[in-house]
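Enquirer: Take this structure first; my questions come after.
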Amino acid sequence: MKVDKNEVLKALEHITVPGEGQNMVESGAVTNVQVFGDEVEVDVTIKNPSLQARKKTEVEILKIIHEKVYAKAKIKVNLKVDAPAKPKVNEIKGKPIAGIQNIIAVASGKGGVGKSTVTANLAVTLAKMGFNVGLLDTDIYGPSMPIMFDVAHERPLSVNIDGKNKMKPVENYGVKMLSIGFFTQPNQAVIWRGPMASKALNQMIFDAHWGELDFLLLDLPPGTGDIHLSIMQSLPVTGAVVVSTPQEIALADARKGVAMFQQEAINVPVLGIIENMAYFTPEELPENKYHIFGKDGAKNLALDLEVPFLGEMPLVQSIREAGDIGRPAALQTATPTEEAFENLTKNVVQELVNRNTALPPTEAIKITTMAGCAAVKKKTS
């Protein structure tokens with residue numbers, strides 16, 4: 001079937017350009033349409049540089065042409081971003097860490113959703129894939145990575161680098177790691193105010209010899225507090241991953257976690273949302289799924305917020321046991337758990353590649369007012 005160019009243009013009038021009031025034909029976003037039989041090529045230029053806007057635009061074009069013109073049309077969308085230059089507010093370049101290519105923050109709005117477990121398994125899976133990986137446990141008050149990697153009794157060594165003494169991260173399973181847990185006793189509570197905690201974090205970040213890393217994962221504490229701001233003031237974080245369970249009470253806080261990264265003064269790209277404890281599968285009934293905490297909650301939240309859904313992890317007893325004995329479950333070869341973590345990690349890496357292709361490097365933030373320390377009030381018209 002030969003597709004009619006005018007019908008294509010008419011169909012595209014149903015799509016509004018992200019961030020603009022006009023449809024993409026009226027606004028001039030559609031710069032060219034070519035038709036070759038049942039093949040359609042659409043050239044589009046948008047002003048919104050975000051990865052979400054790019055994806056949304058492309059998906060809508062494919063959908064509307066298939067619905068309104070021809071269901072079997074072969075469509076190619078050439079999307080270009082023409083973002084107007086604007087001064088960056090409250091942002092500085094920050095201190096890059098020599099040798100570290102990508103910094104990924106793993107966050108959760110609420111505690112107890114398995115964020116540290118997910119981070120540990122992402123780290124070992126990346127290492128298994130051949131990447132050089134580092135992991136910084138930024139939870140000053142509840143560090144868990146030394147236990148999860150079976151290095152609770154290890155201590156970072158001091159090494160001399162270019163005449164300066166640096167901490168050498170503890171390494172296991174191919175992952176280099178630092179945590180406040182290496183400097184405290186197991187039964188010792190860390191009772192520090194924010195500035196002291198932030199100073200300890202900066203020492204672990206800048207007084208450490210990480211070497212060459214493809215990825216540095218940051219295991220953030222729950223919530224949206226002082227530690228998070230300190231991290232994003234200190235480091236140009238490449239992107240953030242938010243972990244949640246499907247439970248409504250966890251999703252409410254996960255929504256806040258995404259909103260924190262998307263605030264104008266912070267502006268860290270959200271790579272996506274992971275749904276942890278998505279369902280329970282008993283070992284003796286591997287095909288059964290029991291949705292204890294609800295079904296598809298995090299997946300629906302990702303759709304609502306227009307951020308990628310990175311995948312779901314089941315509630316499996318062996319994952320908990322593996323964390324307790326210090327050997328992350330992703331190391332269990334030829335198991336469904338290993339496969340699930342590999343798929344999850346591949347999705348994270350793909351979104352990171354997409355982010356680095358579509359967006360400029362993230363800059364560390366500089367908080368000059370109390371903005372970013374309080375709830376954001378949206379203006380109402």
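Just so it is clear, none of the values below were taken in a lab; they were calculated from the coordinates. What you see is a predicted model, and the numbers here were worked out from it, not measured in a lab. Heads up, the Cβs are rebuilt from the backbone with ideal geometry, glycines too, and the neighbour counts pull from every protein chain shown.
Enquirer: Students often check this: by mean Cβ neighbours within 10 Å, which of 267-273, 152-158 ranks highest, and how do the rest follow?
Expert: So the order, starting with the most tightly packed, is 267-273, 152-158.
Enquirer: Next question. Lys and Arg at +1, Asp and Glu at -1: add these up for the other residues within a Cβ distance under 14 Å of His66 and post the number.
Expert: Here the count lands on -1.
Enquirer: Then there's this: Based on the mean of other beta carbon atoms within 10 Å per residue, what is the order of 308-315, 162-169, 289-296, most packed first?
Expert: Descending packing order for the listed peptides: 308-315, 289-296, 162-169.
Enquirer: Select from the range 241-290 those GluC sites (Glu not before Pro) which occupy a DSSP coil region and have at most 16 other Cβ atoms within 10 Å, ordered by residue number.
Expert: Listed in order of number, the matching sites are Glu264, Glu283, Glu284, Glu287.
Enquirer: Counting only other residues whose beta carbon sits under 12 Å from that of Val170, what net charge do I get with K and R as +1, D and E as -1?
Expert: Around Val170, the charge tally is -1.
Enquirer: Let me ask you something else. Taking amide H positions as placed in the peptide plane 1.01 Å from N, state which residues far from Ile103 in sequence (5 or more) or on other chains have amide H under 5 Å from it.
Expert: Counting only residues 5 or more places away or on other chains, the set is Leu216, Thr238, Gly239.
Enquirer: Count charges around Leu220 for me, please; just the other residues with Cβ under 11 Å from its Cβ, Lys/Arg as +1, Asp/Glu as -1.
Expert: So the surrounding residues net to -2.
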